[in-house]
1. Mind telling me which of the residues E193, E148, E159, E163 ends up being open to solvent by 30 Å² or more (accessible area, probe 1.4 Å), at pLDDT below 95 and either in a helix (DSSP H, G or I) or not polar (S, T, N, Q) (or both)?
2. Determine which member of the set E154, E181 is open to solvent by less than 60 Å² (accessible area, probe 1.4 Å), touching a helix residue (DSSP H, G or I) at 6+ places or on another chain (Cβ under 9 Å) and modelled with pLDDT under 95.
3. Output the qualifying pairs, or none if there are none: Cβ atoms under 6 angstrom, residues six or more apart or on different chains, first residue in the stretch 181-199 and free of Cβ contacts under 8 Å to residues at least 12 places away in the same chain and farther than 16 Å from D138 by Cα, second residue assigned to a loop (DSSP other than H, G, I, E, B) and small (G, A, S).
4. Just the residues that are surrounded by fewer than 22 Cβ atoms within 10 Å (Cβ to Cβ), assigned to a helix (DSSP H, G or I), more than 10 Å from the ligand (Cβ to nearest atom) and in contact (Cβ under 8 Å) with a residue 12 or more places away in the chain, please, taken from the stretch 100-125.
5. Answer yes or no as to whether D73 is within 15 Å of the chain's Cα centre (by Cα) and either surrounded by fewer than 21 Cβ atoms within 10 Å (Cβ to Cβ) or without any contact (Cβ under 8 Å) to a residue 60 or more places away in the chain (or both).
6. Quick one: K64 ticks every box in (1) within 13 Å of the chain's Cα centre (by Cα); (2) open to solvent by 60 Å² or more (accessible area, probe 1.4 Å) bar one, so which box is it?
7. Restricting to the stretch 127-145, and then to whatever is assigned to a loop (DSSP other than H, G, I, E, B) and open to solvent by less than 30 Å² (accessible area, probe 1.4 Å), can you tell me which residue is farthest from I189 (Cα to Cα)?
8. Within the group R171, R210, R160, which residue is among the basic types (K, R), in contact with a Ser or Thr (Cβ under 7 Å, 6 or more places away or on another chain) and over 13 Å from G11 (Cβ atoms)?
Amino acid sequence: MSRKWIIAIDGPAASGKGTLARRLSEHIGVPYLDTGLLYRAVARDVLARGENLEDVAASVVAAKAIDAGTLGDLALRGPLAGDAASIIAKIPEVRAALLDYQRDFARAAERGAILDGRDIGTVVCPDAHIKIFVTASDEARARRRHLEHQGRGEPIPYERVLEDLRRRDARDSNRSIAPLEVAADALLIDTTELDPDQAFGVVLDLIEKRMQK
Ligand code: DC
């Protein structure tokens, strides 16, 4: 990779975009930012201070004080953190406060960067060289999440996982600011019938073709 490539990956929860982004980042050798973790961390910090997730002032304070060193916190990975993140992500001032962090990350990366989230191709990096929108059926995504929960010994019924995913998708897609949507120039990949290796192969192929242009 000779020039600086920014790769934007968006999609709904459990679409497989995180796994793809991580593998691409290792393969191409550029840094990766999971932007969902930023929203998860803000929600965690608001709740830890005993504040309400809908409290704009408290949420903005937490967003401005975000500490990148805490993004590895395992507590950020679970479904409760994801739901709390989706609630806080509706607040325009929170999104604005996190925008600089995300753009700085993309700008600072010398050889390129991969960011994944909901609004990377549309808002955070509208000039990204490659935009990928990863999707999969609701049921396939719920099955994956359910298996992950089982692997961690969390007994959450499949029906409940499916319901939670649909509620979160609806919130992320219907909010008034930076909703989850496909960028006009995004490459679309449906991972419903693909395992992680197949999805990686398809995306790598798309990217290599785009880079040769
Ligand atoms: O990708 P994730 O599941 O970790 O994201 C958690 C929530 O954060 C998601 O439901 C909505 C919000 N989010 C967002 O609004 N914009 C992003 N770029 C990333 C995440």
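The values are calculated or read from the model by the stated rules, or taken from the named source; none is laboratory data. Just so we're clear, the structure is a prediction, and the values are computed from it rather than from any experiment. Glycine gets a Cβ as well: all are built from the backbone with ideal geometry, and neighbour counts include every protein chain shown. Please note that ligands, DNA and RNA were not included when accessible areas were found on the heavy atoms of the full protein model with its side chains. Shrake-Rupley method; radii C 1.70, N 1.55, O 1.52, S 1.80 Å.
1. Values: E193 fails: at pLDDT below 95; E159 fails: at pLDDT below 95; E163 fails: at pLDDT below 95.
Checking each option against the conditions leaves just E148.
2. Details: E181 fails: open to solvent by less than 60 Å² (accessible area, probe 1.4 Å).
Residue meeting the stated conditions: E154.
3. none
4. Scanning the stretch 100-125 gives Y101, R103, F105.
5. So D73 fails the test.
6. (1)
7. Residues of the stretch 127-145 assigned to a loop (DSSP other than H, G, I, E, B): 127-129, 136-137.
After this cut, where a residue has to be open to solvent by less than 30 Å² (accessible area, probe 1.4 Å) as well, the list is 128, 136.
Working: A128: 17, A136: 8 Å.
For the stretch 127-145, the residue satisfying everything is A128.
8. Numbers: R210 fails: in contact with a Ser or Thr (Cβ under 7 Å, 6 or more places away or on another chain); R160 fails: in contact with a Ser or Thr (Cβ under 7 Å, 6 or more places away or on another chain).
Within the list R171, R210, R160, the selection yields R171.
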